[in-house]
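Q: Okay, here's the structure, questions in a sec.
The values are calculated or read from the model by the stated rules, or taken from the named source; none is laboratory data. Predicted, not measured: the structure shown is a model, and the values here were computed from it. No Cβ is skipped: glycine too gets one built from the backbone with ideal geometry, and neighbour counts run over all protein chains shown.
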Amino acid sequence: MPPSSTTVFQGMSSEPRPVAAELDAVVIGAGQAGLSSSYFLRRAGIEHVVFDHNPAPGGAWQHRWDSLTVANTHGVYDLPGLPLDFGHLDPALHANSAIPAYFGDYEHRFELPIRRPVSVTAVREHGDGRLLVETSAGDYVTRALVNATGTWEKPFWPHYPGLGSFRGRMIHSAGYTSAAEFAGKKVVVVGGGASALQHLLEISEVAATTWVTRREPVFSTEEFSEERGRMAVAKVDARVRAGLPPESVISVTGYSLTPTIKAAMERGILDRLPMFDRITPDGVAWDDGRFVPADAIVWATGFRASLDHLAPLKLREPGGGIRMDGTRVAADARVHLVGYGPSASTVGANRAGRAAVKEIRALLANVN
């Protein structure tokens, strides 16, 4: 880990900034993917540091809405080397406190070299086959980079005609707190992912809801098995290998038809409408004349990968994505994206961390 004397360097932009440390590897992000990667790097004896701009452990979990409990999380999986006794957790615990506590214990137990809060502003070429990582705590030079920044900070807001005219309230999933703030309102929930469904089920208990999605949602009576998971991951993997932006795993697997979902169907909560064509001051409208009044619109429209700091490396393909070979960027063997595409799920992030470190070991053996 870099010496504790490292300070923030502030100088004229035309002058080179001092290098705080030279390392074999740098990990950006301390969520599930970042912690998994750091664990395997430490086991391999690879000198590295993990930069996390959050003030505390927990990754994106610490920012989830208060009403998301352990009982209704979409999925939490063990970090490598320290099983989470998920079955014995109080299902009523807030996920935004229970999971960060687990992450914090993990960091402490394995003495992972995490520095926070530190923001990475850019990654660029340094020369001699190494990368320069510019951060709020100085510049670092590294031979390998594991990017594990996830998506939470890049909420996607689609644009529709009339967006600016709406007189009601609009929020994204990233800003959702609880259903109580919509009590007695008319609420349109937009999106076909797991978050949209969770918001819809909660809000429908206290408000009149309308569900709107681009595609017809698919519900499956099959239990989510390892085989279905592998098939879904393979489809997402095929996209990133082709240099296309990844799709979510839920878009491939569909929703499991649980008793809660069945009950919502019987109540008519899941009677979905196709995407509206425009937004009006008082609701949403379709070109066929249909109109739904709304006091609020909840955009559960997903997130995009937080990769802006990698822009100087020019990794994106014409298709808009980054062409991948496993966790490695096809165009740059020094850079691994863990928690991107097929490894965006929590269980996938663990496997990806191990795979990335295996390749980093081989890379370092060739350059040393």
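Q: Residues in region 275-292: is at least one modelled with pLDDT of 95 or more, farther than 23 Å from I99 by Cβ and among the hydroxyl-bearing types (S, T, Y)? Spell out the reasoning first.
A: Filtering region 275-292 for residues modelled with pLDDT of 95 or more gives 275-292.
Filter once more, keeping what is farther than 23 Å from I99 by Cβ: 275-292.
If we keep only those that are among the hydroxyl-bearing types (S, T, Y) as well, we get 280.
Yes, there is a match, as at least one residue in region 275-292 is modelled with pLDDT of 95 or more, farther than 23 Å from I99 by Cβ and among the hydroxyl-bearing types (S, T, Y).
Q: Step by step: first the residues of region 305-337, then only those that are in contact with a Ser or Thr (Cβ under 6 Å, 6 or more places away or on another chain) and assigned to a loop (DSSP other than H, G, I, E, B), then the one that is surrounded by the fewest Cβ atoms within 10 Å (Cβ to Cβ). Which residue is that?
A: Selected residue: S306.
Q: Right, next: Here is a check on your reading of the model: is I360 under 21 Å from P155 (Cβ atoms) and either out of contact with any Lys or Arg (no Cβ under 7 Å at 6 or more places or on another chain) or at pLDDT below 95 (or both)? It would help to see each step written out before you state the result.
A: Numbers: under 21 Å from P155 (Cβ atoms): no; either out of contact with any Lys or Arg (no Cβ under 7 Å at 6 or more places or on another chain) or at pLDDT below 95 (or both): yes.
In short, no.
Q: Could we say that R115 is farther than 18 Å from G29 by Cβ and either exposed (fewer than 14 other Cβ atoms within 10 Å of the Cβ) or at pLDDT 95 or above (or both) here?
A: On the way: farther than 18 Å from G29 by Cβ: no; either exposed (fewer than 14 other Cβ atoms within 10 Å of the Cβ) or at pLDDT 95 or above (or both): yes.
When the stated conditions are applied, R115 does not pass them.
Q: Suppose the filter is buried (at least 20 other Cβ atoms within 10 Å of the Cβ) and under 18 Å from T301 (Cβ atoms); does Y176 pass it?
A: Details: buried (at least 20 other Cβ atoms within 10 Å of the Cβ): yes; under 18 Å from T301 (Cβ atoms): yes.
Criteria met by Y176.
Q: Say we look at region 204-221 and pick out the residues that are within 19 Å of E266 (Cβ to Cβ), part of a loop (DSSP other than H, G, I, E, B) and not acidic (D, E); which of these is modelled with the lowest pLDDT?
A: Once the filter is applied, the top-ranked residue is T221.
Q: Being surrounded by fewer than 21 Cβ atoms within 10 Å (Cβ to Cβ), within 25 Å of G353 (Cβ to Cβ), touching a helix residue (DSSP H, G or I) at 6+ places or on another chain (Cβ under 9 Å) and of a type outside the set (K, R), is that true of even one residue in region 136-143?
A: Within region 136-143 (the criterion being surrounded by fewer than 21 Cβ atoms within 10 Å (Cβ to Cβ), within 25 Å of G353 (Cβ to Cβ), touching a helix residue (DSSP H, G or I) at 6+ places or on another chain (Cβ under 9 Å) and of a type outside the set (K, R)), the answer is no, since none of the residues qualifies.
Q: I would also like to ask the following. Of everything in region 112-132 that's part of a loop (DSSP other than H, G, I, E, B) and over 24 Å from the mean Cα position of the chain (by Cα), which residue is nearest to D332 (Cα to Cα)? Talk me through it step by step, then tell me what you get.
A: Kept after step one, since they are part of a loop (DSSP other than H, G, I, E, B), are these residues of region 112-132: 112-113, 116-119, 128-129.
Those still in the list that are over 24 Å from the mean Cα position of the chain (by Cα) too: 128-129.
Numbers: D128: 14, G129: 10 Å.
Checking each candidate, the answer is G129.
Q: Would you mention how many residues in region 133-162 are in a loop (DSSP other than H, G, I, E, B) and touching a residue at least 40 places away in the same chain (Cβ under 8 Å)?
A: Filtering region 133-162 down to residues in a loop (DSSP other than H, G, I, E, B) leaves 136-137, 148-154, 156-162.
If we keep only those that are touching a residue at least 40 places away in the same chain (Cβ under 8 Å) too, we end up with 136-137, 148-154, 156-158, 160-162.
Qualifying residue count for the region: 15.
Q: Could you tell me which residue of region 54-91 is modelled with the lowest pLDDT, considering only residues that are within 15 Å of S178 (Cα to Cα) and not in a helix (DSSP H, G or I)?
A: Residue satisfying both the conditions and the ranking: T73.
Q: Out of (1) at pLDDT 90 or above; (2) within 18 Å of the chain's Cα centre (by Cα); (3) not charged (D, E, K, R), what's the single condition that is false for Y340?
A: The number of the failed condition is (1).
Q: Going by the conditions given, is A183 under 27 Å from Q32 (Cβ atoms) and hydrophobic (A, V, I, L, M, F, W, C)?
A: Numbers: under 27 Å from Q32 (Cβ atoms): no; hydrophobic (A, V, I, L, M, F, W, C): yes.
No.
Q: Which ones in region 179-197 are of a type outside the set (G, A, S) and either surrounded by 22 or more Cβ atoms within 10 Å (Cβ to Cβ) or in a loop (DSSP other than H, G, I, E, B) (or both)?
A: Applying the first criterion (of a type outside the set (G, A, S)) to region 179-197 yields 181-182, 185-190, 197.
Across region 179-197, the qualifying residues are F182, K185, V187, V188, V189, V190, L197.
Q: Out of all the residues in region 257-298, which are in contact with a Pro (Cβ under 8 Å, 6 or more places away or on another chain) and of a type in the set (S, T, N, Q)? Please lay out each step first, then the result.
A: Start the filter on region 257-298 by keeping residues that are in contact with a Pro (Cβ under 8 Å, 6 or more places away or on another chain), which leaves 270, 272, 277-279, 282-283, 286.
If the condition is that a residue be in contact with a Pro (Cβ under 8 Å, 6 or more places away or on another chain) and of a type in the set (S, T, N, Q), then no residue fits.
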